[in-house]
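Structure first, commentary second.
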């Protein structure tokens, strides 16, 4: 896939890998998760539903990808940077929490509690 200029896929992981490689992608959604991913990546205009499949529309979308390739790559690059930052933050939170739990399990006779971590509210990550 790294040698390709564009990707046309109907698979979720095809979209993921195109995103990771910064390749403009046209998705043929057979499942809502493909459409949802393209929406999350701000590429919903380059996603067609397989149930309403129209070869002419697919050709139009592909022509649009070619014309707008640089703008799409810039958008995908920005999205990838945001997603990497979010993932890094989530891992930091996870491992900080695990370290606190481990500390409490290894020292059950101490009355100290790990105060460096507070469980975020369930809605803390909404809208990210």
Order these by the 10 Å Cβ neighbour count, fewest first: 28, 72. 28, 72
At R0 = 35 Å the Cβ-Cβ FRET efficiency linking residue 56 and residue 77, nearest 0.05, sits at 0.70
Most exposed to least, judged by fewest other Cβ atoms within 10 Å, 49, 5 sort to 5, 49
Expressed as a whole number of Å, what is the distance separating the alpha-carbon centroids of region 1-56 and region 72-93? 18 Å
Would you mind putting 19-26, 57-64 in packing order, based on average other-beta-carbon counts within 10 Å, highest first? 19-26, 57-64
Separation of the residue 67 and residue 88 label points, Cα + 7 Å toward Cβ, nm: 3.7 nm
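Since every read-out is calculated from the coordinates, none of them should be taken as a lab result. Computed from a predicted structure; not experimentally measured. In this analysis, Cβ positions are derived from the backbone assuming ideal geometry, glycine residues included, and neighbour counts consider all displayed protein chains.
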